[in-house]
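**Student:** Have a look at this one.
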Amino acid sequence: MARLAGVSAITVSRALNTPQKVNEATRNAVLKAVEDTGYIPNRLAGSLASNRSRTVGVIVPTVTNSIFADKIKGLSDVLSEAGYQILLGQSGYSPEVEAELVSALLAQSPSGLVITGSAHALRTHTLLGRADIPVVETWTNAEAPVDMQVGFSNEDAAFAAVAHLAAGGYRSLALVVAPMVHNDRALGRKRGFDRGLAHFGLRQTLPPIEAEFSLRNGADALARVIEAQPQTDAIFFANDVLAAGALLECRRRNVAVPDRIGIIGFDDLEIASEMVPRLTTVAVPRYDIGANAARMLLRRLAGETIQPKLTLDFEVVARESTRRTCGDRV
C-alpha cells in the first residue's frame with residue numbers, strides 16, 4: 001500500500017494514526033490507497049507499544065436526551081479527525097453503573113475517558129486515580145476536578161433564568177427539575193433557583209417537583225402546579241422537553257402564556273424555537289463541551305501542559321413564553 005501511495009511505510013502509519021501531522025496531499029494519497037486496496041488498519045497492533053488503543057471511553061447518563069447527543073457529536077468530530085474512535089456507555093444516572101462502566105472501559109485500554117458531572121462513587125474515583133490516562137469531566141465546574149473539566153455553572157445559569165423572570169414582573173415561582181439524587185447538574189440548578197429567589201425577593205409556591213425528562217411529565221408538572229398553587233405566575237423547567245410538555249398542557253387548558261403564567265426552559269433544544277408560543281430558555285454550549293473535551297484530551301496525549309478547567313458561557317434566549325424585557329436576546 002505504501003508503494004501504491006508513493007510514500008514510505010512510516011508515512012502510511014503516520015497518516016492513519018496521527019493524520020494531523022501529515023500534509024493534506026500525502027494524507028489524501030494514503031486514504032485513496034486504503035480505499036483502492038480495501039485495507040483495514042489494525043488499531044490494536046498500532047498501539048501495542050503504548051499499551052493503549054486509539055479509543056476514548058465516553059460515559060453519559062442517557063442517550064435519549066439530545067443534549068448528550070450533541071456533546072457526543074462534538075467529541076466524535078474532533079477525535080475522529082485525529083484518528084480516535086469513541087466507546088460509549090450509558091450510566092442511567094447511577095453512580096454504581098458508572099463505576100462498572102469505567103471498569104469495563106478501562107479493560108479496553110482506552111487513551112482517555114470523558115465522563116459526565118462531578119458526582120461519582122468512591123470506586124470510580126479509585127479506578128480513575130489508578131488509570132494513568134487523561135480524564136475529562138463534562139457539564140460541570142466543580143471546585144476539584146478528578147483531572148480535567150469542561151462545562152459551565154449550572155447554578156449561575158439557573159440564577160440567570162430567575163433574573164429574567166424577575167425582570168418580567170413574575171413574583172410567584174415554581175421549579176421543575178430532574179431527579180436530584182446523584183445529579184450534581186440538577187442540584188446546581190436548584191441552588192441557582194434558590195439564590196435567585198432570595199436575591200430578587202421572590203416567592204416559591206411549592207417544593208421543587210422532580211421529574212424525568214418527557215413531554216408527559218412536563219404536562220403533569222404544569223397541571224400539578226396550577227391546581228395546587230394557582231397563584232403561581234411562572235415556572236422554571238430545568239429542561240426544554242419538560243417545558244415543552246407544559247406549554248402543550250397550557251394550550252389544552254386554555255392557560256394564557258406568558259400573561260397568566262410564564263414558562264422558561266433550559267438547554268435551547270431545537271424544540272424550543274418550534275413551540276407555539278416559542279419557548280424562552282437558557283442556551284448552553286452542548287456541542288462545544290464535547291469538542292473542547294476532545295481537544296483537552298488530545299493536547300494532554302501530545303504531552304502538552306494545559307489548564308485543567310474550562311468554563312464556557314451560557315445565555316438566556318427570550319422568546320414568547322415569558323414577558324419580554326429591555327435588552328433581551330430574541
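The values are calculated or read from the model by the stated rules, or taken from the named source; none is laboratory data. If you're wondering where the values come from, they're calculated on a predicted model, not measured in any experiment. Counting neighbours? That spans all protein chains shown, and the Cβs are built from the backbone with ideal geometry, glycine included.
**Student:** Working carefully through the options LEU165, LEU128, find the one that is in a helix (DSSP H, G or I), of a type outside the set (Phe, Trp, Tyr) and not assigned by TED's automatic domain parsing to the domain that holds SER91.
**Tutor:** Result of the check over LEU165, LEU128: LEU165.
**Student:** Now for a separate question. Just the residues that are under 15 Å from the mean Cα position of the chain (by Cα) and without any contact (Cβ under 8 Å) to a residue 40 or more places away in the chain, please, taken from the stretch 271-288.
**Tutor:** Of everything in the stretch 271-288, just one residue is under 15 Å from the mean Cα position of the chain (by Cα) and without any contact (Cβ under 8 Å) to a residue 40 or more places away in the chain, namely ALA283.
**Student:** Let me ask something else about it. Among the residues of the stretch 33-77, write down those that are farther than 17 Å from LEU113 by Cβ, modelled with pLDDT of 80 or more and more than 12 Å from the chain's Cα centre (by Cα).
**Tutor:** THR64, ASP77, listed by residue number.
**Student:** Just checking, does the stretch 164-173 include any residue being closer than 30 Å to ALA293 by Cα and either touching a helix residue (DSSP H, G or I) at 6+ places or on another chain (Cβ under 8 Å) or without any contact (Cβ under 8 Å) to a residue 60 or more places away in the chain (or both)?
**Tutor:** Scanning the stretch 164-173 turns up no residue that is closer than 30 Å to ALA293 by Cα and either touching a helix residue (DSSP H, G or I) at 6+ places or on another chain (Cβ under 8 Å) or without any contact (Cβ under 8 Å) to a residue 60 or more places away in the chain (or both).
**Student:** Now, a different point. Can you pull out the residues in the stretch 103-137 that are under 21 Å from ASP70 (Cα atoms) and either touching a Leu at 6+ places or on another chain (Cβ under 9 Å) or basic (Lys, Arg) (or both)?
**Tutor:** Those that are under 21 Å from ASP70 (Cα atoms) and either touching a Leu at 6+ places or on another chain (Cβ under 9 Å) or basic (Lys, Arg) (or both): GLY112, LEU113, VAL114, ILE115, VAL135, VAL136.
**Student:** Something else: Exactly one of these conditions fails for GLU137: (1) surrounded by fewer than 21 Cβ atoms within 10 Å (Cβ to Cβ); (2) in contact with a Ser or Thr (Cβ under 7 Å, 6 or more places away or on another chain); (3) among the charged types (D, E, K, R). Give me its number.
**Tutor:** Going through the list (1) surrounded by fewer than 21 Cβ atoms within 10 Å (Cβ to Cβ); (2) in contact with a Ser or Thr (Cβ under 7 Å, 6 or more places away or on another chain); (3) among the charged types (D, E, K, R), GLU137 breaks only (1).
**Student:** I'd like the full set of residues that are under 18 Å from the mean Cα position of the chain (by Cα) and closer than 18 Å to ARG189 by Cβ, limited to the stretch 126-148.
**Tutor:** GLU137, THR138, TRP139, THR140, ASN141, ALA142
**Student:** Within the bounds of the stretch 267-286, is there any residue that is among the basic types (Lys, Arg) and surrounded by fewer than 18 Cβ atoms within 10 Å (Cβ to Cβ)? Give the derivation first.
**Tutor:** Applying the first criterion (among the basic types (Lys, Arg)) to the stretch 267-286 yields 278, 286.
Adding the requirement that they be surrounded by fewer than 18 Cβ atoms within 10 Å (Cβ to Cβ) leaves 278.
The answer is yes; a qualifying residue exists.
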